[in-house]
Amino acid sequence: LERFDAMISSMSGANQPIQHSSDDLQMLALHMAAVKILFLLGYLECAELYSERVVKPFRRMFTNTELHMTIIRNEQAYWGCIDCLSSFDRSCADGAEDAALSARRGQSMSVKPLVVLADSHSLCPAYRTIGDRLLVSMLVTGLKHYHLRPGCAFYPRAHFDRLAARLPEGIDVIVGFGEIDCREGLLVAVEKARHASLKDAIEATVAHYVRTLVRLCRKKAWTVYVHPIPPVLKETRAVVLAYNKELARQISMAPSCAPGKLSWLDGCVDSWLSGGELRPDLNLDGTHMHPRCLREVDASLLRL
């Protein structure tokens, strides 16, 4: 802490980059992770204060460093997303945006929670509201649908299984995984001849996901709403749209989930796109959906 205070003091009055070590990079990662933990626990104001008072001054050391190309790229990505969300919430507080979408509004409301079990895309809806439901984020970093295949013991799968086991029975859950499959898994699987075609790869991978959701609905009496994979990245949008189509098809044909229920959030993707492109107002940071996308999610839930 004394060394950190000294570094921050040495930056006063100047924006010049400062020489840093690998230990400094790791320390920055720890501070970014602290912001993520505070955010996920619902301490939104604390997360923002920590970011403004600690992370941002510390990042000035790395002005000429492409952090997304370093070993702390994941911490940088999470922190950057949370920083964008905090900026949006400040706009809501200032009256420049719809206050109904503010996470701070959700914090102050005593409403029935709706769990969002997802990868990094769970950050966008965290502690916001849909109707009279408070959205509570349950993050599983790095989970692919492929990890849900029988026999897989990779750590994101273990995290998913433990988190699902801890959640109570009879709750409502929005699930949102699969973006990583579309970005880096499916095409590699075809290239390595694990599947004969992209179509075969999509069908097999979706099946792992749907079987897992059916099992959880039956075992825990969950009502599960399957969130479409966000079509944010232009480079993977064609794969994402084909994947969402197959995901909707397999959910519609899924066997009985009683006493639970499994539903697809229909109509969202069509509303998010305009002329085949993501609406500019729905792009948060180039990777994640903006909280404005929740309007379409709300409309889809009302149709069910």
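The values are calculated or read from the model by the stated rules, or taken from the named source; none is laboratory data. For clarity, every value in this text was computed on a predicted model and none was experimentally measured. Heads up, the Cβs are rebuilt from the backbone with ideal geometry, glycines too, and the neighbour counts pull from every protein chain shown. Please note that ligands, DNA and RNA were not included when accessible areas were found on the heavy atoms of the full protein model with its side chains. Shrake-Rupley method; radii C 1.70, N 1.55, O 1.52, S 1.80 Å.
Couple of notes before you dig in:
- Against the numbered list (1) touching a residue at least 12 places away in the same chain (Cβ under 8 Å); (2) among the polar types (S, T, N, Q); (3) open to solvent by 10 Å² or more (accessible area, probe 1.4 Å), Ser300 comes up short only at (3).
- Test result for Arg218, surrounded by fewer than 18 Cβ atoms within 10 Å (Cβ to Cβ), of a type in the set (Lys, Arg) and touching a Cys at 6+ places or on another chain (Cβ under 7 Å): yes
- For first residues located in segment 258-281 and farther than 12 Å from Cys293 by Cα, partners that are open to solvent by 60 Å² or more (accessible area, probe 1.4 Å) and assigned to a loop (DSSP other than H, G, I, E, B) and lie 6+ apart or on another chain with Cβ distances below 7 Å form the pairs Ser263/Leu304.
- Tally of residues being touching a helix residue (DSSP H, G or I) at 6+ places or on another chain (Cβ under 8 Å) and under 17 Å from Gly185 (Cα atoms) across segment 236-258: 9
- Of the numbered criteria (1) farther than 29 Å from Arg292 by Cα; (2) among the acidic types (Asp, Glu); (3) not in a loop (DSSP other than H, G, I, E, B), the one Glu169 fails is (3).
So that you can scan it fast, the table gives a plain yes or no per residue for (1) assigned to a helix (DSSP H, G or I); (2) more than 27 Å from Ala165 (Cβ to Cβ):
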| site | (1), (2) |
| --- | --- |
| Cys217 | yes, no |
| Val224 | no, no |
| Ala238 | yes, yes |
| Leu247 | yes, no |
| Ile251 | yes, no |
| Ser256 | no, no |
| Pro259 | no, no |
| Thr287 | no, yes |
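- Subset of segment 150-160 [of a type outside the set (Ser, Thr, Tyr) and surrounded by fewer than 17 Cβ atoms within 10 Å (Cβ to Cβ)]: Pro150, Gly151, Cys152, Ala153, Phe154, Ala158, His159
- Hits in segment 177-208 - residues which are open to solvent by 60 Å² or more (accessible area, probe 1.4 Å) and in contact with a Ser or Thr (Cβ under 6 Å, 6 or more places away or on another chain): Arg183
Here's the yes/no breakdown for (1) surrounded by fewer than 17 Cβ atoms within 10 Å (Cβ to Cβ); (2) free of Cβ contacts under 8 Å to residues at least 12 places away in the same chain:
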position: Met32; (1), (2): no, no
position: Val35; (1), (2): no, no
position: Ala47; (1), (2): no, no
position: Glu66; (1), (2): yes, yes
position: Ile71; (1), (2): yes, no
position: Glu75; (1), (2): no, no
position: Gly80; (1), (2): no, no
position: Ser86; (1), (2): no, no
position: Asp94; (1), (2): yes, yes
